[in-house]
Amino acid sequence: MSERHGVVVGVDGSADSDQALFWAAAEAVRRGTTLTVLSAYDVSTVPGGTGYGIGPEAMHDEATQVVGRAAERLAKAREECAGQVPEADDTSWETVHGSAAGALVEHSGSSALVVVGRRGLHAFDRVVLGSVSAVVSARANGPAAVVPFDPVAATTDCPGDVVGPVWRVVAAVDFDDHLERVLDLAFEEAAHAGVPLLLVHALHSEFIAGPYAMETAWVHEYETEATARLQDRLVGAERKHPTVQRTMEMARGSIVDVLTRRLSRHDLVVVGGRPHAPVLGRIFRSDADRLGRDVECPVIVAHA
């Protein structure tokens, strides 16, 4: 991941994107890298009382104003929330023509991380209308973070104090083609933040039949073997990040249910993902999509 540089965050002027902005700023500081703040607009014409009153120029102006307001918020936070916002020379601003999701997906190919806020939608709206966060988390060409709205942060004078800090990194690990990049990213995030790392591997009860299936000798044997296999796969990541304190847990149940019970607002979750049509994740409820929609802490989907 060393060839990727900078954190990119999408803003649209909403409270959700404001909190994503503060989280992305703190993440850029943790990584010691640059921050790019992006606002996008689609060119469309909407009939108004005097004709077509909402056109390209008006939409461009609105997107530019969104970026300007974000710049003001960061400038204020730079003064009041020391150490949570990159310096002005390390921050850039973009107003782009096109969809916000498309622009962020494009940036994800070369950025260390793209960040987007999670807009609260009803389940039907998510399936039919979609959301920027759903598209980015499903289609990104690199790591993508989804930051949920935090009502506690909305009431503070310095939202970065509440939104920005990471107290623990939690990684969902499985023995698939996601494992190496999940481990690499999880260890990197824990090292950047100087926090402990919890690795969770879940065995779903549906894989074993019978009312007492989860207490059988086979299950205990599997847990022992899985722990040993994971220990072997950890050697490289631990060598690169020797200061990270990590623990490992073998849990029973679906990974989403297991993590949801263990997470707090200041956790950061890392989960594997592969590009797919966003509607598939919403309809069939992939683990990455469910976590990105349902938990109360930021989720990074570790795309290849």
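Within the range 136-166, the set of residues being more than 16 Å from residue 83 (Cβ to Cβ), part of a loop (DSSP other than H, G, I, E, B) and not acidic (Asp, Glu) comprises 140, 141, 142, 143, 148, 149, 151, 152, 156. Filtered by the rule that a residue be more than 23 Å from residue 201 (Cα to Cα), modelled with pLDDT of 80 or more and out of contact with any strand residue (DSSP E or B) (no Cβ under 9 Å at 6 or more places or on another chain), the range 136-180 gives 139, 141, 150, 151, 152, 153, 164, 165.
Residues in the range 74-104 that are part of a helix (DSSP H, G or I), surrounded by fewer than 21 Cβ atoms within 10 Å (Cβ to Cβ) and within 22 Å of the chain's Cα centre (by Cα): 90, 102.
Listed here are the residues, each with its yes/no results for (1) within 12 Å of the chain's Cα centre (by Cα); (2) of a type in the set (Asp, Glu).
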{"position": "133", "(1), (2)": "yes, no"}
{"position": "136", "(1), (2)": "yes, no"}
{"position": "148", "(1), (2)": "yes, no"}
{"position": "160", "(1), (2)": "no, no"}
{"position": "176", "(1), (2)": "no, yes"}
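In this structure, residue 175 does not qualify as more than 17 Å from residue 85 (Cα to Cα) and crowded, with 19+ Cβ neighbours inside 10 Å. Scanning the range 233-248 for residues that are under 17 Å from residue 168 (Cβ atoms) and surrounded by fewer than 16 Cβ atoms within 10 Å (Cβ to Cβ) yields 243, 245, 247. Check the range 78-99 and report whether any residue there is in the same structural domain as residue 6 (by TED's automatic domain parsing), small (Gly, Ala, Ser) and modelled with pLDDT of 90 or more. For the range 78-99, residues in the same structural domain as residue 6 (by TED's automatic domain parsing), small (Gly, Ala, Ser) and modelled with pLDDT of 90 or more: present. Report yes if residue 203 is modelled with pLDDT under 85, surrounded by 15 or more Cβ atoms within 10 Å (Cβ to Cβ), among the hydrophobic types (A, V, I, L, M, F, W, C) and in contact with a Lys or Arg (Cβ under 7 Å, 6 or more places away or on another chain), otherwise no. Criteria met by residue 203. Residues in the range 62-90 that are touching a Leu at 6+ places or on another chain (Cβ under 6 Å) and without any contact (Cβ under 8 Å) to a residue 60 or more places away in the chain: 70 only.
Among residues of the range 1-16 being crowded, with 20+ Cβ neighbours inside 10 Å and touching a helix residue (DSSP H, G or I) at 6+ places or on another chain (Cβ under 8 Å), the one that is farthest from residue 297 (Cα to Cα) is 12.
Test residue 71 against the stated conditions and say whether it is part of a helix (DSSP H, G or I), at pLDDT 90 or above, closer than 15 Å to residue 117 by Cα and not assigned by TED's automatic domain parsing to the domain that holds residue 182. Taking the combined requirement at face value, the residue does not satisfy it.
The values are calculated or read from the model by the stated rules, or taken from the named source; none is laboratory data. It should be emphasised that the depicted structure is a prediction, and the values quoted were computed from it without experimental measurement. Quick reminder, even Gly has a Cβ in these numbers, built from the backbone with ideal geometry, and neighbours come from all protein chains shown.
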